[in-house]
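The values are calculated or read from the model by the stated rules, or taken from the named source; none is laboratory data. Predicted, not measured: the structure shown is a model, and the values here were computed from it. Virtual Cβ from ideal backbone geometry, glycine too; neighbours counted across all protein chains shown.
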Amino acid sequence: MSVETPAKGARDDRWYLSIMSPNTKGEKFAWLDPTSIYINARAFHDLLDDLCESYSGEEVDVVAGLDSMGFVLAAAMAARLGRGMLPIRKAGKLCVDTDGVEFSNYSGRTQTMEMRQPAFAPGTRVLLVDQWVETGGTMDGAIRLVERQNGVVAGIVAIAIEENAVTDAYRKTYKCVSAVMPGSEWQRQCNGQALESFNSYEPEMAFP
């Protein structure tokens with residue numbers, strides 16, 4: 001069964017969020033899986049429309065994607081914005097000189113994130129993109145890497161940015177854009193890490 005997508009120009013608010021999949025593999029995994037949005041062409045294009053809208057007139061020099069699921073959105077947004085895409089990777093993946101920082105991920109594990117060095121000229125405006133911002137630890141590592149090379153964080157983009165002390169500070173410091181809009185019912189459900197749409201979710205909803 002495919003989800004019934006709204007007509008162009010008549011779609012409801014962020015309809016594509018309802019086809020995301022709940023976690024079925026246990027606590028060591030993220031609590032949901034947005035890749036069903038990427039599978040469905042209409043959902044993916046509508047998501048990109050919403051995320052890129054706020055940056056259509058912005059000066060963004062490069063779009064950086066966080067390893068690994070942030071690569072999908074970052075590459076697509078870079079193509080839409082006519083910019084290059086910079087991968088920020090977990091340790092040991094890049095075969096060139098790198099700068100690295102430690103960070104604590106959403107599961108509480110300490111990891112190392114690396115970026116090629118040099119990656120850009122001083123003053124370059126870098127748009128940071130990840131699939132989801134939960135505790136903010138991964139994004140903090142990316143911010144530090146960009147600023148250590150004298151880059152400027154042009155903004156933070158994700159499908160959702162959960163609300164907590166760390167992400168509240170991000171919103172005050174940087175331009176943050178997410179498909180899940182602050183103050184919305186979707187935001188309330190994301191903060192609780194349980195979407196009502198999970199009750200009726202079927203994998204076939206995302207089929208092209």
**Request:** Could you check, for segment 113-122, whether at least one of its residues is in contact (Cβ under 8 Å) with a residue 24 or more places away in the chain and among the polar types (S, T, N, Q)?
**Result:** yes
message = Residues that are among the β-branched types (V, I, T), within 16 Å of W132 (Cα to Cα) and part of a helix (DSSP H, G or I): does segment 37-53 have at least one?
response = yes
Over segment 158-208, the set of residues among the β-branched types (V, I, T) and more than 17 Å from D33 (Cα to Cα) is V166, T167, T173, V177
Taking segment 98-121 and keeping only residues that are out of contact with any helix residue (DSSP H, G or I) (no Cβ under 6 Å at 6 or more places or on another chain), part of a loop (DSSP other than H, G, I, E, B) and either modelled with pLDDT under 95 or closer than 22 Å to G57 by Cα (or both), one is left with Y106, S107, G108, R109, F120, A121
All conditions in (1) modelled with pLDDT under 95; (2) crowded, with 16+ Cβ neighbours inside 10 Å; (3) over 16 Å from the mean Cα position of the chain (by Cα); (4) of a type in the set (S, T, Y) are true of S197 except (1)
Scanning segment 55-78 residue by residue, the ones that are surrounded by 14 or more Cβ atoms within 10 Å (Cβ to Cβ) and either in a helix (DSSP H, G or I) or small (G, A, S) (or both) total 11
Q) When you look at V133, is it buried (at least 20 other Cβ atoms within 10 Å of the Cβ), closer than 18 Å to F44 by Cα and modelled with pLDDT of 95 or more, yes or no? A) no
Do we find a residue being without any contact (Cβ under 8 Å) to a residue 24 or more places away in the chain, touching a strand residue (DSSP E or B) at 6+ places or on another chain (Cβ under 6 Å) and loosely packed, with under 14 Cβ neighbours inside 10 Å anywhere in segment 174-194? no
**Residue in segment 91-99 that is buried (at least 16 other Cβ atoms within 10 Å of the Cβ) and within 21 Å of V133 (Cβ to Cβ) present** = no
* To do: For V126, state whether it is of a type in the set (V, I, T), touching a residue at least 24 places away in the same chain (Cβ under 8 Å) and not in a strand (DSSP E or B).
  => no
Checking A64, A41 in turn, the sole residue that is farther than 25 Å from R109 by Cα and either touching a residue at least 24 places away in the same chain (Cβ under 8 Å) or over 12 Å from the mean Cα position of the chain (by Cα) (or both) turns out to be A41
C176: passes all of (1) over 18 Å from A30 (Cα atoms); (2) at pLDDT 95 or above; (3) touching an Asp or Glu at 6+ places or on another chain (Cβ under 9 Å) but (3)
Within segment 144-166, the residues that are surrounded by fewer than 22 Cβ atoms within 10 Å (Cβ to Cβ), over 21 Å from A76 (Cβ atoms) and either in contact (Cβ under 8 Å) with a residue 40 or more places away in the chain or out of contact with any Lys or Arg (no Cβ under 8 Å at 6 or more places or on another chain) (or both) are R144, E147, R148, Q149, N150, E162, E163, N164, A165, V166
Residue hits (segment 153-169; assigned to a strand (DSSP E or B) and touching a helix residue (DSSP H, G or I) at 6+ places or on another chain (Cβ under 7 Å)) are V153, I156, V157, A160, I161
